[in-house]
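The block underneath contains the structure these notes are about, expressed in structure tokens.
The values are calculated or read from the model by the stated rules, or taken from the named source; none is laboratory data. As the structure is a computational prediction, the values presented were derived from the model and not from experiment. Neighbour counts run over all protein chains shown; Cβ positions are idealised from the backbone, glycine included. Quick note on the areas: whole protein, heavy atoms, side chains included, nothing else; ligands and nucleic acids left out. Shrake-Rupley method; radii C 1.70, N 1.55, O 1.52, S 1.80 Å.
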Amino acid sequence: MTGIDATYRKKRLDRGIKVRSDSVFAISSYREILYLVLPRVVPVITLLVLPLILKGYWGKVLVFACMYGLLALSWDFLASCGLFSLGQSLFFGFGAYVAGTLSYYLHLTPAITLPIATLGGGLLSAALLSPVVRLRGVYFAMVTLMLPMLLMKMIEATGLVGGSHGLSALVPFHNEWISTYMAVVTFLVCLFGFRRLINEDYGLVLKAIRDDDRAVMSAAINIYWRKIQALFIAGAVGSFAGAFMTHHYQFVGMSAFALDYSILPVAAAALGGPGTFAGAALGSMILVPLSESLRALGGLRIALYCGVLIGSVILLPEGIFHYMERKYHQFETFVKVG
Amino acid sequence: MEGEPLLKVEKLRKHFGGVTAVHDVSFELRQGEFLGIIGPNGSGKTTLVNLITGFVKPDSGRVTYLGKNITGKMPYTIAGQGISRTFQMVRLFYNLPAYKNLIIPLSSPRVKKLRGGEYGERDDVAVDLLDDMGFERDSFVPYKMAGSLPHGYLKRLDLARAMALRPNLLILDELFSGMAMSEVASTLPLIEKFNAEGLTVIMIEHRLRELFRVVDRIFVLNFGEKIAEGVPKEVMESDAVKNAYLGSEIEET
């Protein structure tokens, strides 16, 4: 507190978030309305306007960020019911390959493959992981980490669905505007949808499973079925991202199961602040462009990227979004002492 | 004894390694009965509860509830049929407000069915339940984070969570441990009231004075075996119990 007169003291007042957002206060004045609405409207408008401004390469980066964002949201959703996944690439790969094979062999357009890949990928993920929903913590993480690698090797060894060459010359998106906006809107819908869902009774039960699964079982709720449902939802979201990128690149290969798709979403959620969805979204909106802008540095890129990640985790362990949220709800003033 | 018993436990047995935690325990429970289970520490009381409620699978034996075999079923299946329990070490959702803890059982398929699809106002039901448990409705207590509540409240919150399921059979695993005398004094009549309204209760307790006041019948476990059964006064005067239980240990009452 050097530089400030010693008779002053910082006074911090945490706003009653509940008071300001739950009752009549919320609509008592336009300042209060803005207070509530701005944090939701600003990111929505920003994301909807960005595709108009960003062209070419950076437009693609935005789409890429949205897809990583979906994977990070899907990761955060699983984490909120106690399933710590290190295998987001499994979901991504399922979506990518379902869309890829449909498009390659049957020449179906994205309008058909995307919904099929989203639902099919979700079903495949839930079915494949349902035997291990009893595993918790690091054991579940290990299984999810291994599965994409296993599938990757299987594709390589058997040569099925394109083998190590992948499937190329797939049906592209008709119109770049439509695809870009589809990415952005899906990302936003998923973000706000998850935030809403987790505060409903359904999400409450999921969070309770994370806190104490035995207590949930003694409340007569089939926790394994709920976890499988959560896997389906998370799997579908991840699969959408995979299917979208397949059509975006007009190619699907073994790289769809690459470790990047597993690790980067976790990093994004850790950076942004897990458990809020907004944190995961924010994290991927920071990490993906950062990673791309460091590309000019060549070999040093990954080193710098890791440095930024480590620094942020040490300096802001709670995550950026938690920090921002706390500050937003706080008044800080200097009051005269004595 | 007329008709089918509500709960029938036959020769239930469970080993943990070399230790026989529960050794061929059998008992029957009629609808509306209030049964006490006592026994020294480590005599297998909690394991018995875990076996009945499905948290631990028995090595042998059979549990029949309402004529149906529920041995080794999943805990949520058993809870869904109306056997609700509290935990000796309370298991709650500490990151949720107290009343939100009750939303979990209240949103279970069982309660939905019992309420006949009637939706909404679940928060009110939760707060009502907590009010019964001595969380004053108009205070801030029901809305506080469960993690910030004192131990006595947590125990009662656990009881409320168990009751939210609208059970037929309530199993209380040392509900009163760690509760203040005043809290016990206010909670006990509540359980008596539930029992008078037709709820069947199994109560495991170390506070014998309170237990004997309310139960119809008790049985005593020692080293996993049932050594005596009957009305409290007779049981406590039997030699086996005196030796195994009171003779070897000083009870805090």
- Message: What are the equivalent ellipsoid semi-axes of the protein assembly as shown, built from the alpha-carbon gyration tensor (square roots of five times its eigenvalues), in whole angstrom, biggest first?
- Response: 53, 32, 21
- Max mean-square fluctuation residue, GNM over chain A, Cα-Cα springs under 10 Å, options A:LYS227, A:LYS11, A:LYS153: A:LYS11
- Message: Given an 8 Å cut-off on Cα distances and at least 6 residues of separation, report the relative contact order of chain B as a percent.
- Response: 26
- Query: Per-residue ellipticity at 222 nm for chain B, helices alone: DSSP H runs ≥ 4 residues times -39500 (n - 2.57), over residue total, nearest 500 deg cm²/dmol?
  - Reply: -9000 deg cm²/dmol
- Pull up the DSSP beta bridges for chain B and report the antiparallel fraction as a percent, rounded to 5. 55
- Message: In square angstrom and rounded to 100, what buried accessible area do you get between chains A and B, total over both, with the probe at 1.4 Å?
- Response: 2000
- Any of B:LYS73/B:LYS226; A:LYS10/B:LYS100; A:LYS153/A:LYS207; A:LYS207/B:LYS155; A:LYS227/B:LYS57; B:LYS14/B:LYS100 with alpha carbons more than 26 Å apart? Name them for me. A:LYS10/B:LYS100; A:LYS153/A:LYS207; B:LYS14/B:LYS100
- Message: Give me the mean projected area, in nm² to one decimal, of the convex hull enclosing the Cα positions of segment A:76-187.
- Response: 7.8
- Task: Keeping the other protein chains in place, figure out the carbon and sulfur percent of the accessible area of segment A:149-304, with a 1.4 Å probe.
- Result: 65
- Item | Residue (of A:GLY283, A:LEU135, A:VAL49) at the positive-pole extreme of segment A:27-336, dipole from beta-carbon charges | A:GLY283
- Query: Amide H to amide H under 5 Å from B:MET203: which residues, 5+ apart in sequence or cross-chain, H placed 1.01 Å off N in plane?
  - Reply: B:LEU35, B:GLY36, B:ILE37, B:LEU172
- What percent antiparallel are the DSSP beta bridges of the protein assembly as shown, to the nearest 5? 65
- Query: Around A:TYR8, which amide H atoms from residues at least 5 apart in sequence, or from another chain, sit under 5 Å from its own amide H, with H modelled in the peptide plane?
  - Reply: A:VAL337
- Highest GNM mean-square fluctuation, chain A, Cα pairs closer than 10 Å: which of A:GLY283, A:GLY93, A:GLY307? A:GLY307
- Note on the structure: Summing -39500 (n - 2.57) over every DSSP H run of at least 4 residues in chain A and dividing by its residue count gives a helix-only mean residue ellipticity at 222 nm, to the nearest 500 deg cm²/dmol, of -23500 deg cm²/dmol
